[in-house]
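S.K.: First the structure, then my questions, so here it is.
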Amino acid sequence: MKTLLLSLLLLLSFYHTAIGQQQPDSTRITFRVYAPTLSDSQQVYLSGSTPELGNWQPNRITMQRTVAQVWEKTVYLKEQSVQYKFTLGSWNTEATDEKGIPLPNFSLELKGDTTVQHQLDYWLEKANKPISGGITGTVAYHRNLTADSLQSRDLIVWLPPGYEENNKRYPVLYMHDGQNVFDPATSSFGVDWRIDETADSLIRNRQMEPVIMVGIYNTSERMEEYVPGLKGSAYMDFVVNRVKPLIDQNYRTKSGAKHTLTGGSSAGGIMAFMLAWEYPQVFSKAICMSPAFKIMHIDYVKDVQAYKGKKKKLKLYIDNGGIDLEARLQPGIDEMLAALQVQGYREGKDYIWVLDKKAQHNEAAWAKRMPTALTFLLGK
């Protein structure tokens, strides 16, 4: 029966045309979902890694029901590779496996107009969402910070053990994608980086220096803000001239570059590198997990290669996995490491690179590698 239905879905591709006009140099992709457990009145959404796929907003790209228990959406993409998922309107209702575990990101390499099809039998229910833990330690929030040309966003500030009992000053680590860093309840996919638990344990065991950690929330314009370009420059200015002064004014910080770090993953990983590279007078250390140094339209390797000045006083943690998108990031990371070496940076001293060939591109993988990053940059 399933084989017959999937064959029917293939035939349907000849009868449904795209909405709108195809743009030059774009690829037409039709996403089709067969969901036999859903009622025909249910709304299904497509969510993915590009603006055309909603920038991972779970309820922005609506799919249309075409026949019973079949939904589809046609989009035009210019990127060479994308990742995506399906939801019923929120990350509390995304597609899962038979055990109720959210499915990993689907990946697609664009080689020409095509139709991709999925059969999805299981969906997460909010009451059963596998969120465990919470925030370890003391946090404070700063809401709706604004900046010219950027959307407003929140900050979450994590204070190290003993902060309230002394008058000491602390280094500060500024993390991008802030809602995903500390709290699984606010994380986009229900899994956080667990950096609060990791840092708390390392600090209490005297394996790393106590540090204030600031999570800067992202917005729907994340992919423009975290990469080279006008929005990326505006975001860096926001971090340097809006966020950092606010933290220095309200908390006992060591404000010099020697004690100021930044970190992130994927696009947030290249943003952490960019902030350190372009503002070495502000940041001296960066955590760059699965950084998108050179992929699709992004190429920050050339900026490092073109640099002719004095060696910048930076210490960098760089890593990546080896599955799907992680493997596609590898050439850009290899080129960046080579460019750093040409600029006089030495592995083991100025930077380390960690490769986990079995790791995927997600928060759980970054959480697993976080102890290595923190002890390299802040270890006692």
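S.K.: Failed condition for Arg32, given (1) at pLDDT 90 or above; (2) open to solvent by 40 Å² or more (accessible area, probe 1.4 Å); (3) of a type in the set (Lys, Arg), with all others met?
M.R.: Failed condition: (2).
S.K.: Name the pairs: first residue in segment 271-282 and within 16 Å of Gly215 (Cα to Cα), second residue part of a loop (DSSP other than H, G, I, E, B), Cβ to Cβ under 7 Å, at least 6 apart or on different chains?
M.R.: What qualifies is Met271/Tyr226; Leu275/Phe283.
S.K.: Could you tell me whether segment 60-83 includes any residue that is closer than 23 Å to Leu325 by Cβ, in a loop (DSSP other than H, G, I, E, B), modelled with pLDDT of 90 or more and open to solvent by 10 Å² or more (accessible area, probe 1.4 Å)?
M.R.: Yes, the conditions are met somewhere in segment 60-83.
S.K.: A further question on this structure: Quick one: which residue in Leu88, Leu110 is in contact (Cβ under 8 Å) with a residue 12 or more places away in the chain, within 27 Å of Ala292 (Cβ to Cβ) and not acidic (Asp, Glu)? Can you show your working first?
M.R.: Details: Leu88 fails: within 27 Å of Ala292 (Cβ to Cβ).
Only one candidate qualifies: Leu110.
S.K.: Would you be able to say whether some residue in segment 105-127 is under 19 Å from Ala367 (Cα atoms) and either open to solvent by 30 Å² or more (accessible area, probe 1.4 Å) or in contact with a His (Cβ under 7 Å, 6 or more places away or on another chain) (or both)? Give the steps one after another, and end with the answer.
M.R.: Residues of segment 105-127 under 19 Å from Ala367 (Cα atoms): 105.
Of the ones still in play, those that are also either open to solvent by 30 Å² or more (accessible area, probe 1.4 Å) or in contact with a His (Cβ under 7 Å, 6 or more places away or on another chain) (or both) are 105.
So far as segment 105-127 goes, yes, one or more of its residues are under 19 Å from Ala367 (Cα atoms) and either open to solvent by 30 Å² or more (accessible area, probe 1.4 Å) or in contact with a His (Cβ under 7 Å, 6 or more places away or on another chain) (or both).
S.K.: Also, I was wondering about something else. With respect to Lys312, is the statement that it is surrounded by fewer than 22 Cβ atoms within 10 Å (Cβ to Cβ), more than 15 Å from Lys357 (Cα to Cα) and in contact with a Pro (Cβ under 8 Å, 6 or more places away or on another chain) true?
M.R.: yes
S.K.: Now for a different question. Tell me the residue from Val191, Val172 that is aliphatic (A, V, I, L, M), surrounded by 18 or more Cβ atoms within 10 Å (Cβ to Cβ), more than 29 Å from Gln57 (Cα to Cα) and touching a residue at least 60 places away in the same chain (Cβ under 8 Å), please. It would help to see each step written out before you state the result.
M.R.: Working: Val191 fails: more than 29 Å from Gln57 (Cα to Cα).
Every option except Val172 fails the conditions.
S.K.: Can you spot a residue in segment 338-349 that is in a strand (DSSP E or B) and at pLDDT 95 or above?
M.R.: Of all residues in segment 338-349, those in a strand (DSSP E or B) come to 347.
Filter again for at pLDDT 95 or above, leaving 347.
Yes, the conditions are met somewhere in segment 338-349.
S.K.: Open to solvent by 10 Å² or more (accessible area, probe 1.4 Å), over 13 Å from the mean Cα position of the chain (by Cα) and within 21 Å of Glu278 (Cα to Cα), is that true of Ala234? I'd like the intermediate steps shown before the answer.
M.R.: On the way: open to solvent by 10 Å² or more (accessible area, probe 1.4 Å): yes; over 13 Å from the mean Cα position of the chain (by Cα): yes; within 21 Å of Glu278 (Cα to Cα): yes.
When the stated conditions are applied, Ala234 passes them.
S.K.: List every residue pair whose Cβ atoms sit under 7 Å apart, with the two residues 6 or more apart in sequence or on different chains, where the first one lies in segment 57-74 and is free of Cβ contacts under 8 Å to residues at least 40 places away in the same chain and the second, anywhere, is surrounded by fewer than 17 Cβ atoms within 10 Å (Cβ to Cβ) and assigned to a strand (DSSP E or B).
M.R.: Trp71/Gln64
S.K.: I've got another one for you. Could you check segment 333-380 and list, in sequence order, the residues that are surrounded by fewer than 20 Cβ atoms within 10 Å (Cβ to Cβ), among the acidic types (Asp, Glu) and touching a helix residue (DSSP H, G or I) at 6+ places or on another chain (Cβ under 9 Å)?
M.R.: Glu335, Glu347, Asp350, Asp356, listed by residue number.
The values are calculated or read from the model by the stated rules, or taken from the named source; none is laboratory data. In this text the structure is predicted, and so the values were computed from the model without any measurement. Glycine also receives a Cβ, built like all others from the backbone with ideal geometry; neighbour counts cover every protein chain displayed. What goes into the accessible areas is simple: the full protein's heavy atoms, side chains included, and nothing from ligands, DNA or RNA. Shrake-Rupley method; radii C 1.70, N 1.55, O 1.52, S 1.80 Å.
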